[in-house]
Amino acid sequence: MNLDEALQTFIAESRELLEEMENALLNVDLAGDQGEAINAIFRAAHTIKGSAGLFSLDHIVAFTHVVESLLDKVRDGSVTLNDEMVVLLLSCCDYLSGMINALAAGRHEQDPDTAPEGEMLQQQLRRHMDGDAAAGAAAAPLAVQADPGVERIDQQRGDSDYWHISLRFGRGVLQNGMDPIAFLRYLGKLGRIVGIATLPDALPPADEMDAELCYLGFEIAFDSTADREAIAGVFEFVQDDCEIRIIPPNSKVSEYVNLIRSLPERAARLGEILVRCGSVTAHELEEALQQQSGKQQDAPPQQLGSILVDAGNVPPVVVEAALAKQKQVSEQKAQESRSIRVDSDKLDRLIDLVGELIIAGARANMIGQHLRNTELLECTSTLTSLVEDVRDAALELRMVKIGATFNRFQRVVHDVARELGKDIGLIVDGEDSELDKTVVEKIGDPLMHLVRNAMDHGIEPAEVRIAAGKPAKGMIKLNAFHESGSIVIEVSDDGGGLRKEKILAKAIERGLVDPERKLTDSEIYNLIFEAGFSTAEKITNLSGRGVGMDVVKRNIQALRGSVDVGSKEGQGTTVTVRLPLTLAIIDGFLVQVASSVFVIPLDMIEECIEYATEPGQDYTNLRGQVLPLVRLRQLFRIGGAAARRESIVVLKFGNVRAGLVVDTLLGEFQTVIKPLSPMFSEVKCISGSTILGSGEVALILDVAALMHTVAGKGVAPAMAV
């Protein structure tokens with residue numbers, strides 16, 4: 001086993017578990033079943049502790065053990081989870097995250113600089129445990145006898161009305177940090193333990209016994225109205241370290257007989273224990289044992305089911321249901337094993353190779369057309385189709401749901417709201433929308449700033465909201481959806497909205513716009529993305545210095561995206577971010593002006609029409625609607641006379657349309673995006689380049705920037721870029 005690889009897996013899984021733990025803590029009040037949310041929090045802490053122990057990370061184990069101990073008290077009801085405890089546990093998540101990050105950086109021991117913080121958190125955790133100790137002391141601890149006899153607590157109800165639970169804990173359960181008695185106490189929360197027997201049969205001689213191993217088993221008669229799933233759920237954290245068999249009330253005695261035959265202890269002694277627990281009567285047990293004495297004990301499930309049916313002990317429908325359940329569990333485990341972890345660098349390498357394959361395929365296709373070889377053309381056509389399938393499959397591997405990014409903001413909203421003294425909630429929608437992992441990684445910071453800005457600037461204080469007839473609690477909404485080959489992310493708030501007059505006055509004061517220029521509402525709102533622009537009346541830790549929104553815009557532009565602002569004063573603001581689904585390979589459409597070839601993203605093209613307009617006009621009539629034109633020849637100052645027959649490529653970006661005037665339409669082309677050199681970073685309307693089959697370079701047009709050139713020409717304004 002490669003320990004370095006295993007350690008990296010532990011680090012990755014720990015980060016995922018901490019994220020799950022944080023989300024569960026933030027949503028515990030909203031959870032329909034709070035017990036399930038608490039179990040999820042406990043499960044995350046327990047898994048991290050157990051895995052850290054495998055690598056002898058004692059400082060992580062020691063800290064997580066205290067967290068787990070408090071959560072265990074919350075699970076069994078002796079401690080109540082409150083807001084103060086949620087904040088404390090969130091701080092513990094942060095501290096654990098810091099230790100995991102330090103581990104990833106190569107530090108395997110406790111950092112002396114952070115040790116005092118960890119000790120302080122542990123003291124607070126113990127204070128919460130000790131604070132409810134008095135209330136927990138009233139509940140008498142469960143007595144489990146070391147003697148193999150049976151403690152019978154109650155015999156008021158009929159024997160067959162009880163559940164019977166057979167437990168055999170694994171040897172390593174104590175080493176994994178679990179206490180068998182704690183599970184029995186927790187079981188008592190679901191009902192009454194009527195009878196219990198401790199089975200020490202597996203104990204070795206004293207000189208061979210290892211004090212760190214568990215050798216005990218238990219037979220329990222349990223009185224409860226809970227269902228099987230709830231009872232089994234008590235032991236879910238130790239299910240891999242124990243064997244548990246549950247027999248429901250009013251079951252056939254034959255089920256108890258099968259239980260006896262499947263257990264390692266002597267049948268006669270086990271039978272006596274079941275009788276003394278009250279699960280069955282002595283007469284029933286003796287009769288059933290005699291009835292099945294000649295049956296096969298090691299038969300497969302199907303054959304054993306037939307034997308029980310023939311004996312009249314189990315109805316056929318029960319056997320069929322059991323076999324169906326067994327098959328379902330097997331299929332579920334097979335399904336779970338189909339997921340594997342893959343290093344992201346390997347995926348990046350795969351995409352690079354697919355890109356080179358696409359370029360080579362385009363070269364082969366061009367050679368086939370040049371030679372006019374029919375067989376070669378058929379072969380390259382098949383190759384092109386297969387390469388497209390490989391490309392799509394490779395890109396799907398890099399597609400991830402944006403929900404993981406959205407969930408990070410639950411914590412941001414929780415912490416920033418406390419800092420601002422506001423009551424703010426977060427609504428997340430469209431978290432299943434997928435986009436390239438590279439885009440997800442780079443969009444996190446811009447979205448973070450937009451959310452914090454909405455909380456600081458957008459949401460008003462509670463008293464102001466109440467005076468305006470709004471709920472005291474403000475809401476931030478994150479929404480994502482696909483549109484025209486792009487992903488659209490909306491950050492909305494129900495705050496006071498943007499004040500156009502104030503923004504415009506500030507822009508004129510700073511010399512950003514001409515006082516005589518008439519601006520549309522969208523153009524005014526988008527002024528907030530200018531460098532150094534801020535309307536905040538005072539500087540805070542979050543805003544007011546005019547640094548941030550221009551960086552947001554620049555980072556989104558670097559992803560070939562755009563950002564736009566819409567607002568209604570008194571009702572709220574929505575910031576709309578549009579991003580390409582991938583930054584690697586796209587379907588493109590080739591056009592030519594003179595000898596220059598350009599690529600347009602295919603999903604932004606509506607149609608192609610013949611050029612038809614009056615000389616000198618920048619518009620054309622497209623089925624009764626005004627279509628503004630962009631002439632590439634003029635835009636890029638390409639020399640030479642225009643072709644006798646030009647074409648118009650109708651582009652759509654968001655809600656805006658424009659026509660691109662070109663000389664020649666060359667058709668579709670799989671485009672491998674190659675970034676431009678930093679020296680071309682200031683070139684407008686170009687987002688990248690690609691290599692054609694001929695080996696020549698074609699430039700990829702930035703449609704968002706092209707739309708900006710038609711803004712203010714009597715049509716709906718383009719997205720600001």
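General remarks:
- Residues in the stretch 359-404 that are within 18 Å of THR438 (Cβ to Cβ) and more than 27 Å from the chain's Cα centre (by Cα): there are none.
- The residue list LYS470, LYS506 contains one member that is farther than 14 Å from GLN571 by Cα and of a type in the set (Lys, Arg), which is LYS506.
- Single unsatisfied condition, CYS214 versus (1) in contact with a Pro (Cβ under 8 Å, 6 or more places away or on another chain); (2) of a type outside the set (A, V, I, L, M); (3) surrounded by fewer than 19 Cβ atoms within 10 Å (Cβ to Cβ): (3)
Residue by residue, here is whether (1) among the charged types (D, E, K, R); (2) within 21 Å of VAL656 (Cα to Cα) holds:
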residue	(1), (2)
LEU478	no, no
ILE487	no, yes
SER492	no, no
GLY497	no, no
LYS506	yes, no
LEU512	no, no
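- Search result, residues across the stretch 630-658 that are more than 18 Å from ILE686 (Cα to Cα) and modelled with pLDDT under 85: GLY639, GLY640, ALA641, ALA642, ALA643, ARG644, ARG645, GLY654, ASN655, VAL656
- Matching residues in the stretch 659-685 - criterion: being among the β-branched types (Val, Ile, Thr) and surrounded by fewer than 17 Cβ atoms within 10 Å (Cβ to Cβ): THR664, VAL683
- Candidate set: the stretch 467-490, residues that are at positive phi and not polar (S, T, N, Q); chosen: the one surrounded by the most Cβ atoms within 10 Å (Cβ to Cβ): GLY485
- Residues in the stretch 78-97 that are in a loop (DSSP other than H, G, I, E, B) and either under 30 Å from HIS108 (Cα atoms) or not β-branched (Val, Ile, Thr) (or both): SER78, LEU81, ASN82.
- Checklist (1) at pLDDT 80 or above; (2) crowded, with 16+ Cβ neighbours inside 10 Å; (3) within 31 Å of the chain's Cα centre (by Cα) applied to ILE247, failing item: (3)
- Screening SER687 with (1) part of a strand (DSSP E or B); (2) at pLDDT 85 or above gives one miss only, at (2).
- Counting only residues that are without any contact (Cβ under 8 Å) to a residue 40 or more places away in the chain, surrounded by fewer than 24 Cβ atoms within 10 Å (Cβ to Cβ) and not hydroxyl-bearing (Ser, Thr, Tyr), the stretch 36-53 holds 3 of them.
- Only one of the listed residues (ILE459, ILE424) is in contact with a helix residue (DSSP H, G or I) (Cβ under 7 Å, 6 or more places away or on another chain) and surrounded by 17 or more Cβ atoms within 10 Å (Cβ to Cβ). That residue is ILE424.
- Selected residue [touching a Gly at 6+ places or on another chain (Cβ under 9 Å), of a type in the set (A, V, I, L, M, F, W, C) and more than 15 Å from HIS128 (Cβ to Cβ)] from ILE48, ILE60, ILE100: ILE60
- A residue that is closer than 30 Å to VAL577 by Cβ, touching a Leu at 6+ places or on another chain (Cβ under 6 Å) and part of a helix (DSSP H, G or I) cannot be found anywhere in the stretch 357-380.
- Residue check: GLU606 meets all listed conditions (1) part of a helix (DSSP H, G or I); (2) touching a residue at least 40 places away in the same chain (Cβ under 8 Å); (3) not small (Gly, Ala, Ser) but one, namely (1).
- Taking the conditions (1) surrounded by 16 or more Cβ atoms within 10 Å (Cβ to Cβ); (2) modelled with pLDDT of 70 or more in turn, VAL551 satisfies each one other than (1).
- Any hit, the stretch 113-121, residues being in a loop (DSSP other than H, G, I, E, B) and modelled with pLDDT of 50 or more: yes
The values are calculated or read from the model by the stated rules, or taken from the named source; none is laboratory data. This is a predicted model, so every value here is computed, not measured. Glycine also receives a Cβ, built like all others from the backbone with ideal geometry; neighbour counts cover every protein chain displayed.
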